[in-house]
Amino acid sequence: MRGEACRTTAAGTCPARRCLRQAIQIVRAKRPFAIPAFVLLPDHLHALWTLPHGDSDYSTRWRRIKEEFTQAYLAEGGLELERNRLAPAT
């Protein structure tokens, strides 16, 4: 979500942010958790989650958010980046 990837559209919403919000909503509907704090920076994010009592499956939630985000973002014409680099894939 850096530079070109996060241009504001006519509706005033960055496509990457919209896709992230949608991905979180989809995952939260299936695997509930609360988000008491969330910071979205240009190239990464920080989130504080509260999971339901007795549920410690944090990694599945992040994996599903990443999957949902990637599918939605690419479907909207977002560019896929190489792993561990912030440059467009060749």
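The values are calculated or read from the model by the stated rules, or taken from the named source; none is laboratory data. Please read these numbers as outputs of a predicted model, since none were measured by experiment. Neighbour counts are summed over all protein chains in view; Cβ atoms, including those assigned to glycine, are modelled from backbone coordinates with ideal geometry.
Pairing each residue of the range 60-71 that is at pLDDT below 95 with any residue that is outside any helix (DSSP H, G or I), provided the two are 6+ apart or on different chains, yields C-beta distances under 9 Å for 70/78; 70/80.
Taking the criterion of being touching a Leu at 6+ places or on another chain (Cβ under 7 Å), surrounded by 14 or more Cβ atoms within 10 Å (Cβ to Cβ) and modelled with pLDDT of 95 or more, would at least one residue in the range 23-36 satisfy it? Within the range 23-36 (the criterion being touching a Leu at 6+ places or on another chain (Cβ under 7 Å), surrounded by 14 or more Cβ atoms within 10 Å (Cβ to Cβ) and modelled with pLDDT of 95 or more), the answer is yes, since at least one residue qualifies. For residue 2, the conditions (1) in contact with a Pro (Cβ under 7 Å, 6 or more places away or on another chain); (2) at pLDDT 90 or above all hold with the exception of (2).
Looking at the range 19-48 only, could you name the residues that are among the charged types (D, E, K, R), within 20 Å of residue 80 (Cα to Cα) and either within 11 Å of the chain's Cα centre (by Cα) or not in a loop (DSSP other than H, G, I, E, B) (or both)? Result: 21, single match. Considered as a group, the residues in the range 5-22 that are at pLDDT below 90 and closer than 18 Å to residue 38 by Cβ include one that is surrounded by the fewest Cβ atoms within 10 Å (Cβ to Cβ), and that residue is 13.
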